[in-house]
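A quick write-up on the structure given underneath.
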Amino acid sequence: MNDYYQDLGLSRDASAEDIKRAYRRLARKLHPDVNSGPEAEDEFKRVSQAYDVLSDPEKKRAYDMGADPYGGQAGGFGQGFSFSDIMDAFFGGAAGGAARGPRSRKRRGQDALIRLEIDLSQAVFGAERELTIDTAVECGTCHGDGSQPGTGTRTCDVCGGRGEVQQVQRSFLGQVMTSRPCTACQGYGTVISDPCFECSGDGRVRTRRTLKIRVPAGVDTGTRIQLTGEGEVGQGAGPAGDLYVEIHVMPHETFQRRGDDLHCSVDLPMTAAALGTSFKLDTLDGMKDLEIRRGTQAGDVVTMRGMGVTHLRGTGRGDLIVHVNVQTPTKLDAEQEDLLRQLAVLRGEERPEGQLAPVSHGLLGKLRDAFLGK
């Protein structure tokens, strides 16, 4: 097929008026009654044929899609063949597995990810929180259609609603016909004549909304909660994506979390550690009695069963592990010092001999050993 646009000296986006103007200019120049040159008659025929095709909407549409307006779509090597048909023969169906025809304006919305900070108590017992998010929702004016109310869409004049156009190119195999998305309608097959003023044709607008979320007991920093369909609404009122809430547990001033166990420490006077005692401990479950046995050593632990973090998967809770720090008095009056010396005499500890022992790891070392199973 001839390149009719080139014959008239036009680009492929030329309007009907441009086509008519170019033909009249060339016809006055090449008409046999005016130009008797040996090639003028052939040039005039080629220009007339180009105008006959491009001035007829049906012929022009067929030509723009790669068809021969005078003999159907060309086929066979050397006469023009469809590259898409070759791909169909090799791979089956449309080339590359993509469906032919116009694509839908409806698209699934994007997923969204936000960060939610909670305190340790909310992580242990769970909580209900309110989230305020900025997201895309369906346009209330056009209801996702993208056009002004009462206008709708029209079929694309360039591709005739197919969403793609065909182009003929020359190659060593002959004329190769390829398909590409229509640039006039972006492959949709339809054009929005009057875009909605509210959303500019997108079918959705940005807004701020509030939703409630249930934070399950046992979550930890990095836990993600999926809220299906709470993400952004898709283009053209397409289905909404999902909202992912990533949890970040704020540090607590008293308790440290290790897995589903909670750790804390208490300072005890030397006499209380030696004689044993009990007192109220302020836990996440409220005030609880803590029993310290006689002869408790520095670094010993007291385990309070079932007062740790709720298991995220399963039932029950971890433990609260209390690390004991025994405080040795640094200032003694005369009477206190005399009493301690009497105690040392009674225990035969006036001049005790030190005994070699492994280096104490302290609280962090004990936690490490617990993880390693030592």
Candidates Gly241, Gly286, Gly306, Gly295 - the one that is in contact with a Lys or Arg (Cβ under 7 Å, 6 or more places away or on another chain) and farther than 30 Å from Leu227 by Cα = Gly306
Is it true that Ala298 is within 30 Å of Thr330 (Cβ to Cβ), open to solvent by less than 20 Å² (accessible area, probe 1.4 Å), touching a residue at least 12 places away in the same chain (Cβ under 8 Å) and not in a strand (DSSP E or B)?
-> no
Residues (farther than 27 Å from Asp119 by Cβ and of a type in the set (D, E, K, R)) located in the range 192-230 | Asp194, Glu198, Asp202, Arg204, Arg206
If we scan the range 76-94, do we find a residue that is open to solvent by 80 Å² or more (accessible area, probe 1.4 Å), outside any helix (DSSP H, G or I), at pLDDT below 80 and closer than 29 Å to Gln6 by Cα?
-> yes
Go through the residues of the range 271-294 one by one and say whether even a single one is in a loop (DSSP other than H, G, I, E, B), modelled with pLDDT of 95 or more, in contact with a strand residue (DSSP E or B) (Cβ under 6 Å, 6 or more places away or on another chain) and not aromatic (Phe, Trp, Tyr).
-> no
Among the candidates Glu198, Glu230, Glu253, residue that is part of a loop (DSSP other than H, G, I, E, B), among the acidic types (Asp, Glu) and at pLDDT below 90 | Glu198
Can you tell me which residue within the range 122-143, out of those that are of a type outside the set (A, V, I, L, M, F, W, C) and outside any loop (DSSP other than H, G, I, E, B), is least open to solvent (accessible area, probe 1.4 Å)?
-> Thr135
Exactly one of (1) of a type in the set (Gly, Ala, Ser); (2) more than 24 Å from Arg12 (Cβ to Cβ); (3) open to solvent by 30 Å² or more (accessible area, probe 1.4 Å) is unmet by Ala184. Its number?
-> (2)
Of the residues in the range 302-318, how many are surrounded by fewer than 17 Cβ atoms within 10 Å (Cβ to Cβ) and touching a residue at least 12 places away in the same chain (Cβ under 8 Å)?
-> 7
Could you say which residue among Gly236, Gly218 is in a loop (DSSP other than H, G, I, E, B), out of contact with any helix residue (DSSP H, G or I) (no Cβ under 8 Å at 6 or more places or on another chain) and small (Gly, Ala, Ser)?
-> Gly236
Do you know which of the residues in the range 150-159 that are in contact (Cβ under 8 Å) with a residue 12 or more places away in the chain and open to solvent by 40 Å² or more (accessible area, probe 1.4 Å) is nearest to the chain's Cα centre (by Cα)?
-> Thr153
In the range 15-52, residue modelled with the lowest pLDDT [restricted to those that are hydrophobic (A, V, I, L, M, F, W, C) and out of contact with any helix residue (DSSP H, G or I) (no Cβ under 7 Å at 6 or more places or on another chain)] = Ala16
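The values are calculated or read from the model by the stated rules, or taken from the named source; none is laboratory data. None of the values given here were measured: they were computed from a predicted structure. Neighbour counts are summed over all protein chains in view; Cβ atoms, including those assigned to glycine, are modelled from backbone coordinates with ideal geometry. The area values use the complete protein model at the heavy-atom level, side chains included, leaving out ligands, DNA and RNA. Shrake-Rupley method; radii C 1.70, N 1.55, O 1.52, S 1.80 Å.
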